[in-house]
1. Among the numbered criteria (1) crowded, with 17+ Cβ neighbours inside 10 Å; (2) acidic (Asp, Glu); (3) not in a helix (DSSP H, G or I), which one does residue 396 miss?
2. Pick from the stretch 110-129 the residues that are outside any helix (DSSP H, G or I) and touching a residue at least 24 places away in the same chain (Cβ under 8 Å): which of them is surrounded by the most Cβ atoms within 10 Å (Cβ to Cβ)?
3. Condition first: touching a residue at least 24 places away in the same chain (Cβ under 8 Å) and not small (Gly, Ala, Ser). Now tell me which residues in the stretch 423-437 satisfy that.
4. Kindly indicate which of 345, 332 is crowded, with 24+ Cβ neighbours inside 10 Å, modelled with pLDDT of 95 or more and of a type in the set (S, T, N, Q).
5. So residue 407 ticks every box in (1) within 24 Å of the chain's Cα centre (by Cα); (2) part of a helix (DSSP H, G or I); (3) not β-branched (Val, Ile, Thr) but one. Which box is left unticked?
6. Where in the stretch 204-264 are the strands (runs of 3 or more DSSP E), entirely inside, with at least 1 residues that are polar (S, T, N, Q) and at pLDDT below 95?
7. Which one of 301, 329 is more than 15 Å from ligand 1 (Cβ to nearest atom) and in contact (Cβ under 8 Å) with a residue 40 or more places away in the chain?
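The values are calculated or read from the model by the stated rules, or taken from the named source; none is laboratory data. Nothing here was measured: the structure is a model prediction, and the numbers come from that model. Cβ placement follows ideal geometry from the backbone for every residue including glycine, while neighbour counts extend to all protein chains displayed.
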Amino acid sequence: MDFQLKTLTVARAAAEKSDVLIVLVGSAPLASKDPLSVQIAAARKAGDLPDKAGKLLSLYRPEDVAAARVVLAAIGDGKPASVRSGVIAAVNAAKAQSPKRVVLAFAQEAEPAAVASAVLAAADASYVYTATKSKAEPRSIRQVTVGVADAAPVGAAFEQARATVEGIEFAKEWGNRPANHATPTMLAEAAKGLGKLPGIKCEVLGPKEVDKLGMGAFAAVAQGSAEPLRFIVLRYQGGPKDQAPVVLVGKGITFDTGGVSLKPAAEMDEMKFDMCGAASVLGTFRALAGIQPEINVIGLIPSCENMNDGRAIKPGDVVTSMSGQTIEILNTDAEGRLILCDALTYAKRFDPAAVIDIATLTGACVVALGGVRSGLFSSDDALAAALEAAGESSQDRCWRLPLDDEYAEGLKTNFADVANVAGRAGGAITAAKFLQRFTA
Ligand code: MN
Ligand code: ZN
């Protein structure tokens, strides 16, 4: 899917050849007197296009319009979230006709963030998974032309959004692939592919190197699987060499059976998504390659399966992490923190400015927050605020949860320095308290 940005008034957008012209109509009055603008104003006056983001009105071959179809989409206040509602509704409505060329034109002036939001939403609404279908029908839309009154001031935001879409789609692709099409080895190959992009380097460690590093917690989770583990190290250098990097750590459990503490059968297929933290990190590097910001970023992905066999870890086993701390594995399904703790210890060698760990960690987090917001834990208020703000602006919101030391009480055990689970209560928080031990 190819995006381009053009300076287009509503009148010029009407003259653009396309299969669908989507006009994003905000609350502000329409200044122009061209036939389409007049028609939009009339529709609004008649109440046929309510001023509520996501409301639509379809026109069929209106006069003086080159496109076969026109969809008017209300975007209310024109803020990024409203633009997203409007674009998603309009693209979903247009999809039935399998359009190839779409023009997405703002009827009024648009802020850079609104333009970026339109690009991300158009990609999101038209995404289709194809990797493992024999006769896949890819998304019909080939080209989206984003039309704004003046392209120059929104150009940078547009380019950034276009690169971000590539990253997001890369992450979705790997997230959606079934576990037998996204093994740790395959994830590592994908990362190596990213290593060929400008500014990016990739190094992949296998079981021998991981043993040598003393990553006993990570290796323990992997030992029940026939698939060998991989530890992926990605480097993006856009800033000066001596500038402290941001380290991103992504959980890469390519399938989580729960191990001996087996999960229930229902919906276990969804455990292929237990590598979505890793997918986020891979996608971020794909976007970095396109944006080329002047920063340094390290990506760390511990990747393995959590399976059952004669060598699998058992409840009560005690393992030694890379940090030297011993861990009693009371529940083998709390494996994410076991692989992440060693990655967090490894992160120290980069003397990072910040470490951000991204993971599908605990069903308890989903119980607490549902599917709308992600849980956020941080021992640094400024970093937490920055991440919350980033979540708001990208409409991928998070919610900060507490890290009081009292929550760590349940992790105490007689048989090791720490247990890998506490009780059911506050399960997301105790997971964070566990990982916090490896960040000091
Ligand atoms: Mn698990
Ligand atoms: Zn897991």
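1. Single failed check for residue 396: (1).
2. From the stretch 110-129, those outside any helix (DSSP H, G or I) are 110-111, 127-129; that's our starting set.
Now restrict to residues that are touching a residue at least 24 places away in the same chain (Cβ under 8 Å): 110-111, 127, 129.
Details: 110: 26, 111: 17, 127: 16, 129: 13.
Among residues in the stretch 110-129 that are outside any helix (DSSP H, G or I) and touching a residue at least 24 places away in the same chain (Cβ under 8 Å), the one surrounded by the most Cβ atoms within 10 Å (Cβ to Cβ) is 110.
3. The answer is 424, 429, 433, 434, 435, 436, 437.
4. Numbers: 345 fails: crowded, with 24+ Cβ neighbours inside 10 Å.
Residue meeting the stated conditions: 332.
5. Checking residue 407 against (1) within 24 Å of the chain's Cα centre (by Cα); (2) part of a helix (DSSP H, G or I); (3) not β-branched (Val, Ile, Thr), the one that fails is (1).
6. Working: elements: 230-237, 246-250, 252-256.
It comes to none.
7. On the way: 329 fails: more than 15 Å from ligand 1 (Cβ to nearest atom).
Only one candidate qualifies: 301.
A quick yes/no check of all residues on (1) at pLDDT 95 or above; (2) assigned to a helix (DSSP H, G or I):
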| site | (1), (2) |
| --- | --- |
| 379 | yes, no |
| 382 | yes, yes |
| 387 | yes, yes |
| 392 | no, yes |
| 402 | yes, no |
| 422 | yes, no |
| 434 | yes, yes |
